[in-house]
Amino acid sequence: MPVSRILAILAALALPFGSVQALTWDETINGELSGDGNAPTLIGILDPGVNLFSGTMGALGGNPPLDADVWNFTIAAGYYLTGINLVDYSAQSGSLANESFMAIANGGTIDFNDPLGHLSNTLWGYGQDGFGNIYVDLLALLDAGPQFAGIGFDGPLPSGNYTFWIQEGSDQVSYGIEFVTAPVPVPEPGSLLLLGVAGMWSLRRRRRR
Ligand SMILES: [Ca+2]
Ligand SMILES: [Ca+2]
């Protein structure tokens, strides 16, 4: 078989894996996500790559009952959460001025009434980037928070169990949010070698003294 043919087959095989959408929760198919911070919808371990959550929350005109969506998920050992990306956000009223709320907590529950225990929380929606555009990097917004008290965190979220809560108070909002996981990189042999050389260097310096 010519090399070009083998390469073509390899490329065809690799393509579906490169564009694969892992776990998906669509409220119209998989059911309404929980509205109870003490009993979130249990998602389980997120798949490697993109995990899409889509649904609606709030209520038209802000008339109660307001739909909250809360889900619990686990980042597997050896992985971390590298992104929470907003891929869809539209208000039923057509308003472009909406600001919704989101919060994340460690563990199996999230307290709706006490933000002190939240890992982070903040407003999100239209206009968050200051130019009238949707600010799509929700993880960066949470990283920059908490906006309303809470613990705070830096960088990608490590493996563990988390509960995520989104809430809209004045409209009905349709959303699509991607949770992206990736393997925690292991040091490359080259950098290990460098560390080894650096270690020997410091040892030599110490011995010389
Ligand atoms: Ca919902
Ligand atoms: Ca709900």
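Scan segment 51-65 for residues that are more than 29 Å from Pro156 (Cα to Cα) and either in a loop (DSSP other than H, G, I, E, B) or polar (S, T, N, Q) (or both) and report the count.
4
Looking only at segment 57-68, decide whether some residue is open to solvent by less than 10 Å² (accessible area, probe 1.4 Å) and under 21 Å from Gly145 (Cα atoms).
yes
If I ask for residues that are at pLDDT 90 or above, hydrophobic (A, V, I, L, M, F, W, C) and in a loop (DSSP other than H, G, I, E, B), which ones from segment 111-165 would you list?
Selection gives Phe112, Leu119, Phe148, Ala149, Ile151, Phe153.
With the checklist (1) hydrophobic (A, V, I, L, M, F, W, C); (2) more than 27 Å from Ala182 (Cβ to Cβ); (3) within 14 Å of ligand 1 (Cβ to nearest atom); (4) outside any strand (DSSP E or B) in hand, flag the one item Ala68 doesn't pass.
(4)
Could you check, for segment 1-15, whether at least one of its residues is away from ligand 1 (no atom under 16 Å from the Cβ), at pLDDT 60 or above, more than 26 Å from the chain's Cα centre (by Cα) and assigned to a loop (DSSP other than H, G, I, E, B)?
Within segment 1-15, one or more residues are away from ligand 1 (no atom under 16 Å from the Cβ), at pLDDT 60 or above, more than 26 Å from the chain's Cα centre (by Cα) and assigned to a loop (DSSP other than H, G, I, E, B).
Among the residues of segment 69-93 satisfying the criterion of being modelled with pLDDT under 95 and open to solvent by 60 Å² or more (accessible area, probe 1.4 Å), which is farthest from Pro156 (Cα to Cα)?
Looking at the filtered set, the residue picked out is Ser93.
I'm checking my understanding of the structure. Among residues of segment 71-103 that are of a type in the set (Gly, Ala, Ser) and outside any loop (DSSP other than H, G, I, E, B), which one is nearest to ligand 1 (Cβ to nearest atom)?
This residue is Ser100.
Please go through segment 29-52 and give me each residue that is near ligand 1 (Cβ under 10 Å from one of its atoms) and either under 17 Å from Val180 (Cα atoms) or open to solvent by 70 Å² or more (accessible area, probe 1.4 Å) (or both), ordered by number.
Answer for segment 29-52, where residues must be near ligand 1 (Cβ under 10 Å from one of its atoms) and either under 17 Å from Val180 (Cα atoms) or open to solvent by 70 Å² or more (accessible area, probe 1.4 Å) (or both): just Glu32.
From the list Val197, Val173, exactly one residue is modelled with pLDDT under 95, β-branched (Val, Ile, Thr) and loosely packed, with under 11 Cβ neighbours inside 10 Å. Which is it?
None of the others qualify; the one that does is Val197.
The values are calculated or read from the model by the stated rules, or taken from the named source; none is laboratory data. Not measured: the values here are computed from a predicted model. Every residue, glycine among them, receives a Cβ derived from its backbone with ideal geometry; neighbour counts consider all protein chains shown. These accessible areas exclude ligands, DNA and RNA; they are computed on the full protein's heavy atoms, side chains included. Shrake-Rupley method; radii C 1.70, N 1.55, O 1.52, S 1.80 Å.
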